[in-house]
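Here the structure is laid out as structure tokens; the discussion comes afterwards.
The values are calculated or read from the model by the stated rules, or taken from the named source; none is laboratory data. Note that the structure is a prediction, hence the values are computed from the model and not measured. Note that each Cβ is placed from the backbone with ideal geometry, even for glycine, and that neighbours are counted across all protein chains shown. Accessible surface areas use protein heavy atoms only, side chains included; no ligands, DNA or RNA. Shrake-Rupley method; radii C 1.70, N 1.55, O 1.52, S 1.80 Å.
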Amino acid sequence: MISKPALIIEKSKIFCQRCGQKTSKKRASLPKEKYYCPQCLNFGRITSLDTLYTISEPNFFSVPEMILTWLGELSPYQQKSAQHLMKVVNNNETFLLWAVTGAGKTEILFPALAHALEQKKRVCIASPRIDVCNELYPRLKAAFSQITITLLHGQQKQKYQYTQLVICTTHQLVRFNAAFDILIIDEVDAFPFRNDHLLEFAVKTARKRKSALIMLTATPTKKLLQKAGKGVFSFDYLPLRYHGAPLPQPQVFCETWKKNIQQEKISIRLKRIFADWEKQGYPFLIFVPRINLLKPIFRIVRQNLKEDIKGTTVHASDEHRIEKIEKMRSGYFRYLVTTTILERGVTFPFLNVLVLGADDEIFTRAVLVQIAGRVGRNKKRPTGDVFFICEMQNKEVKEACRQIAFVNRKGAVLKNETMSSLPKKNS
């Protein structure tokens, strides 16, 4: 067992060895010349009287006969990325995979994960979003049914146990020290991980000295791309979805939607969209920029649909958020009126989406691309409707549409190259 003081007292500041943050003594002071860390108070108060203990990682894991129980197959596009990840794991590299939404990033991980687990390495998949973790957990449990998996986040009641595979929010990494041989950060560009020094420190401390770091994203930040360009870490790009179909290109319409909502009505265009969706029978999401818009918009949408079509609202602090998402997934709800909390990490088959107020500042390029990426993820319906409704087309809306068009062009080139390289069947 290794121990170290929780706080290091410097001349004018204190340094927290749990979260890696510095705080002025004045702000962190307690009676009798003692101090606490206000930066990571959400994890429980830590003071200069405390000691941090680390238990060594023996990696005493039993390896089952069959590790990967997933029966699916990777596409030729996915296989190339999967082989790259295998090298990353073997060489303990830091690596960024930029893959479009719906590329099947989780499945691409499977061969490398199976290889690492076979070698008795300890693996963690972390994401900034609870919904992403909840989505990953059953998929990983099904793919690695003989491996015990721990799921950790603030709303999870499951007690911690020492397991070879851990799925958690990035905030939970603060609780680990030199624990993982492989650390995978899914949705590395997402809030709250992006530009959060506490979480970046948590990633560093949670890794073993010799370990691999794999970052996954569909919408990389400029900072990540610059680092990749400078060779800070290795990089791969997959611009094609697993089923080979392109991302749905958003249809953008400008109208005075705010004024209509205040008058508790919607445009003829929106009425037609809802009428079409009602006939199609597919589920849909309506994204709004503010929580206070959820109820009035839900009320108007409900008035324009048949009574038997059930829906509800959902947002980040909704106590029934997880339950509502599960009811949407099971088909009980046909639609959700939601904030950006469902921009990523959730998959509903055959989905359509509409963004109301797409020109609001909350809807950045990355958010809009992620929202559009919710559509067409199932090979039985690789298409779908994506509507951006705004007062005017701003820079973020235009850039989101351009990025989708760009990756679709790149994907078409990759598809043609891959198909031409495959051995031709005898006629």
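Calculated over the stretch 1-129, the projected area of the Cα convex hull averaged across directions stands at 11.8 nm².
Accessible area per residue for the stretch 21-167, computed on protein heavy atoms with a 1.4 Å probe, is 50 Å².
Rounded to the nearest 20 debye, the dipole size of the chain about its Cα centre is 580 debye, using +1 on the Cβ of Lys and Arg and -1 on the Cβ of Asp and Glu. Relative to the longest principal axis of the C-alpha atoms of the chain, give the angle of the C-alpha long axis of helix 395-421, reported between 0 and 90° and rounded to the nearest 10°. Once rounded, the angle reads 90 degrees.
Each Lys or Arg adds one and each Asp or Glu subtracts one; over the other residues with Cβ under 11 Å from the Cβ of Ala178, this totals +4. Farthest towards the positive end of the charge dipole of the stretch 117-177, among the residues Phe144, Tyr162, Ala126, is the Cα of Tyr162, using unit charges on the Cβ of Lys, Arg, Asp and Glu. Radius of gyration over Kirkwood radius for the chain, both on Cα atoms: the Rg/Rh ratio is 1.00. Largest GNM mean-square fluctuation among Pro220, Pro248, Pro58, using the chain with Cα springs under 10 Å: Pro58. Isolated cysteines of the chain, defined as having no other cysteine beta carbon under 4.7 Å away, are Cys124, Cys133, Cys168, Cys254, Cys390, Cys401.
Between Ile286, Ile266, Ile309, the Cα set farthest toward the positive side of the dipole of the stretch 241-358 (charges on each charged residue's Cβ, about the Cα centre) is that of Ile266.
Positive-end ranking of Thr94, Ser3, His153 along the dipole of the chain, with charges on Cβ about the Cα centre, is headed by Ser3.
For the chain, the longest principal axis of the Cα atoms and the long axis of helix 321-330 meet at an angle of about 50 degrees.
Helix 268-280 versus the longest principal axis of the chain: what is the Cα-based angle in degrees, 0 to 90, to the nearest 10? Orientation of helix 268-280: about 80 degrees from the principal axis. Close amide H contacts of Val100 (hydrogens built in the peptide plane, cut-off under 5 Å, sequence separation of 5 or more or a different chain): Leu238, Leu240.
Note: relative contact order over the chain, using C-alpha pairs below 8 Å and six or more positions apart, is 15 percent.
The dipole here belongs to the stretch 361-413: it is taken about the Cα centre, uses +1 on the Cβ of Lys and Arg and -1 on the Cβ of Asp and Glu, and is about 460 debye. Qualifying chymotrypsin sites (Phe, Trp or Tyr not before Pro) in the stretch 40-127, where qualification requires a DSSP coil assignment and no more than 14 other C-beta atoms within 10 Å, comprise Phe60.
Rolling a 1.4 Å probe across the protein heavy atoms gives the stretch 191-336 an accessible surface of 55 Å² per residue. 3J(HN,Hα) along the stretch 99-106: 10, 4, 4, x, 6, x, 4, 4 Hz, from the Karplus curve 6.51 cos²θ - 1.76 cosθ + 1.60 with θ = phi - 60°, whole Hz, x for Gly and Pro. Nonpolar atom fraction for the chain, defined as the carbon and sulfur part of the 1.4 Å probe accessible area, stands at 51 percent.
The alpha carbon centroids of the stretch 97-139 and the stretch 303-331 are separated by 27 Å.
The residues packed around Val397, meaning those with a beta-carbon under 14 Å from its beta-carbon, carry a net charge of -3 if Lys and Arg are +1 and Asp and Glu are -1.
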